[in-house]
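J.: The structure under discussion is supplied below as structure tokens; questions concerning it will follow.
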Amino acid sequence: MDLSVQIGPLRLKNPVMTASGTFGYGLEFADYLDLNALGAIVVKGLSLQPRPGNAPPRIYETAAGMLNAIGLQNVGVEEFVTTKLPALRQYDTPIIANALGNTIEEYTEVCRVLAHTEGIAAVEINVSCPNVKEGGIHFATEPAQTGRVTEAVRRVMGDMPLIVKLSPNVTHIVPFARACRAAGADAVSLVNTFVGIAIDLDTMRPRLSNLTGGLSGPAIKPLAQRLVWEVCRDVDIPVIGIGGIMNATDALEYMALGAVAVQVGTANFIRPDAARQIVAGMADFCAARGITRLENFIGAFLRRETS
Ligand SMILES: Cc1cc2nc3c(=O)[nH]c(=O)nc-3n(C[C@H](O)[C@H](O)[C@H](O)COP(=O)(O)O)c2cc1C
């Protein structure tokens with residue numbers, strides 16, 4: 001049975017990746033699952049300089065989900081490359097670096113380092129950051145801004161595959177995916193978290209020090225699947241589905257909607273080996289349905305919808 005998938009120029013042995021920020025730098029999970037079983041590992045978002053993140057509390061559990069405002073805490077790209085990546089290279093699993101910045105120059109500097117580093121298979125840029133030079137407008141909330149940062153990063157990346165991770169906090173997602181395609185992205189990943197708040201009625205204080213946070217987990221799956229479906233229908237670019245994937249069925253739903261691969265996030269906090277279990281569940285599904293190549297299953301719902 002062949003579970004491998006193609007994401008632009010990137011071939012993965014199976015479509016299951018871990019989502020950025022939910023799987024550390026990968027090695028933290030090595031005692032809980034065989035990292036070689038994963039399609040790819042997407043590491044915590046990396047900035048040019050280290051970031052301390054927000055003050056606690058930074059995580060709050062909600063009904064069927066989780067709000068987080070970690071504040072993009074990370075060790076910085078240089079430290080990642082010198083102290084974390086060498087141990088990851090022993091695994092036969094592609095490492096995808098997630099990059100972030102507050103200016104186009106910061107994005108390009110981070111990506112320039114990553115593009116010249118052995119052991120990085122692809123870069124995913126997280127555009128859900130404010131552009132400080134443009135008055136704090138998020139790169140993710142105007143298609144032209146998303147296009148500009150994608151184009152600038154593409155220029156410094158050479159042949160390395162480039163994935164742009166989109167925010168769901170927009171009115172229409174399709175123009176963003178189109179902007180990424182036009183700017184030379186190899187794929188888009190959707191979605192990042194939905195902005196929310198939670199308050200404590202006794203103290204009249206927010207549950208998170210940052211007040212707002214990003215909602216993830218099963219609560220967002222139908223919202224995220226609608227966005228994936230819209231992009232897969234309308235834009236000719238590979239899509240990686242993310243949001244509330246807890247088991248193989250959830251992941252396969254994304255693939256039926258047209259996603260070529262998926263990322264597993266919040267589930268890692270509940271079961272550290274969730275991603276490996278999802279790979280096993282996909283193999284079981286294929287065996288039960290007589291599917292010999294999982295790639296042939298991608299878009300099964302879309303094809304039925306249009307037939
Ligand atoms: C604690 C936490 C930290 C995250 N950090 C990042 C990050 O650094 N970069 C990024 O692109 N997405 C980040 N995300 C978003 C996830 O990668 C994913 O898009 C989101 O959680 C939705 O997937 P899920 O419902 O499976 O968790 C983070 C999510 C959580 C819960």
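J.: Based on this model, can you work out whether Gly45 counts as modelled with pLDDT of 95 or more, surrounded by 20 or more Cβ atoms within 10 Å (Cβ to Cβ), of a type in the set (Gly, Ala, Ser) and within 11 Å of the ligand (Cβ to nearest atom)?
T.: It is true that Gly45 is modelled with pLDDT of 95 or more, surrounded by 20 or more Cβ atoms within 10 Å (Cβ to Cβ), of a type in the set (Gly, Ala, Ser) and within 11 Å of the ligand (Cβ to nearest atom).
J.: If Asp31 passes every condition in (1) free of Cβ contacts under 8 Å to residues at least 40 places away in the same chain; (2) within 15 Å of the ligand (Cβ to nearest atom); (3) over 14 Å from the mean Cα position of the chain (by Cα); (4) not in a strand (DSSP E or B) but one, which one does it miss?
T.: Of (1) free of Cβ contacts under 8 Å to residues at least 40 places away in the same chain; (2) within 15 Å of the ligand (Cβ to nearest atom); (3) over 14 Å from the mean Cα position of the chain (by Cα); (4) not in a strand (DSSP E or B), only one is false for Asp31: (2).
J.: Could you please give the count of residues in the range 64-74 that are surrounded by 17 or more Cβ atoms within 10 Å (Cβ to Cβ) and free of Cβ contacts under 8 Å to residues at least 60 places away in the same chain?
T.: Residues in the range 64-74 being surrounded by 17 or more Cβ atoms within 10 Å (Cβ to Cβ) and free of Cβ contacts under 8 Å to residues at least 60 places away in the same chain: 3 in total.
J.: In addition: Is there any pair with a first residue in the range 236-252 that is farther than 27 Å from Ala183 by Cβ and a second that is assigned to a strand (DSSP E or B) whose Cβ atoms are under 6 Å apart and which are 6 or more apart or on different chains, and what are they?
T.: Close Cβ pairs satisfying both conditions: Ile245/Val262; Ile245/Val264; Ala251/Val262.
J.: Related question: Before we move on, is Thr93 in a loop (DSSP other than H, G, I, E, B) and either in contact (Cβ under 8 Å) with a residue 24 or more places away in the chain or in contact with a strand residue (DSSP E or B) (Cβ under 6 Å, 6 or more places away or on another chain) (or both)?
T.: yes
J.: May I ask you to say which residue of Glu151, Glu134, Glu118, Glu124 is within 14 Å of the ligand (Cβ to nearest atom) and either at pLDDT 95 or above or surrounded by fewer than 20 Cβ atoms within 10 Å (Cβ to Cβ) (or both)?
T.: Going through Glu151, Glu134, Glu118, Glu124 in turn, just one is within 14 Å of the ligand (Cβ to nearest atom) and either at pLDDT 95 or above or surrounded by fewer than 20 Cβ atoms within 10 Å (Cβ to Cβ) (or both): Glu124.
J.: Another question, if that's okay. From the residues in the range 201-244 that are within 16 Å of the ligand (Cβ to nearest atom) and β-branched (Val, Ile, Thr), which one is surrounded by the most Cβ atoms within 10 Å (Cβ to Cβ)?
T.: Ile242
J.: Right, something else. Any idea which of (1) of a type in the set (S, T, N, Q); (2) part of a loop (DSSP other than H, G, I, E, B); (3) within 18 Å of the chain's Cα centre (by Cα); (4) closer than 19 Å to Gly21 by Cα is the one Thr141 doesn't satisfy?
T.: (4)
J.: If I filter the range 272-298 down to residues being β-branched (Val, Ile, Thr) and under 17 Å from Asp250 (Cα atoms), which single residue comes out as surrounded by the most Cβ atoms within 10 Å (Cβ to Cβ)?
T.: Of everything passing the filter in the range 272-298, Ile278 is surrounded by the most Cβ atoms within 10 Å (Cβ to Cβ).
J.: Return the residue satisfying two criteria in turn: it lies in the range 261-271 and is crowded, with 23+ Cβ neighbours inside 10 Å and either at pLDDT below 95 or among the hydrophobic types (A, V, I, L, M, F, W, C) (or both), and of such residues it is farthest from the ligand (Cβ to nearest atom).
T.: Ala261
J.: Taking interchain pairs and intrachain pairs at least six residues apart, which have beta carbon atoms under 8 angstrom, with the first residue in the range 2-20 and among the charged types (D, E, K, R) and the second modelled with pLDDT of 95 or more and buried (at least 23 other Cβ atoms within 10 Å of the Cβ)?
T.: Between residues of the range 2-20 that are among the charged types (D, E, K, R) and residues that are modelled with pLDDT of 95 or more and buried (at least 23 other Cβ atoms within 10 Å of the Cβ), the close pairs are Arg11/Val5; Lys13/Gly39.
J.: How many of the residues in the range 49-63 are closer than 13 Å to Gly213 by Cβ, surrounded by 14 or more Cβ atoms within 10 Å (Cβ to Cβ) and more than 12 Å from the ligand (Cβ to nearest atom)?
T.: The number of residues fulfilling the criteria is 1.
J.: Determine whether Ala187 is within 26 Å of Pro50 (Cβ to Cβ), at pLDDT 95 or above and not charged (D, E, K, R).
T.: For Ala187, the condition - within 26 Å of Pro50 (Cβ to Cβ), at pLDDT 95 or above and not charged (D, E, K, R) - is not met.
J.: When the range 162-183 is examined, which residues are found to be surrounded by fewer than 20 Cβ atoms within 10 Å (Cβ to Cβ) and in contact with a Leu (Cβ under 7 Å, 6 or more places away or on another chain)?
T.: Listed by number, the list is empty, since nothing qualifies.
J.: Does the range 273-296 include one or more residues that are within 16 Å of the ligand (Cβ to nearest atom) and either outside any helix (DSSP H, G or I) or within 17 Å of Val170 (Cα to Cα) (or both)?
T.: Yes, the range 273-296 contains a residue that is within 16 Å of the ligand (Cβ to nearest atom) and either outside any helix (DSSP H, G or I) or within 17 Å of Val170 (Cα to Cα) (or both).
J.: Could you list all residues from the range 173-200 that are away from the ligand (no atom under 15 Å from the Cβ) and either in contact (Cβ under 8 Å) with a residue 40 or more places away in the chain or part of a strand (DSSP E or B) (or both)?
T.: Correct list: Val174, Ala177, Arg178, Arg181, Asp186, Ile197, Ile199, Asp200.
The values are calculated or read from the model by the stated rules, or taken from the named source; none is laboratory data. Not measured: the values here are computed from a predicted model. For neighbour counting, all protein chains shown are included, and Cβ atoms are generated from backbone atoms with ideal geometry for every residue, glycine included.
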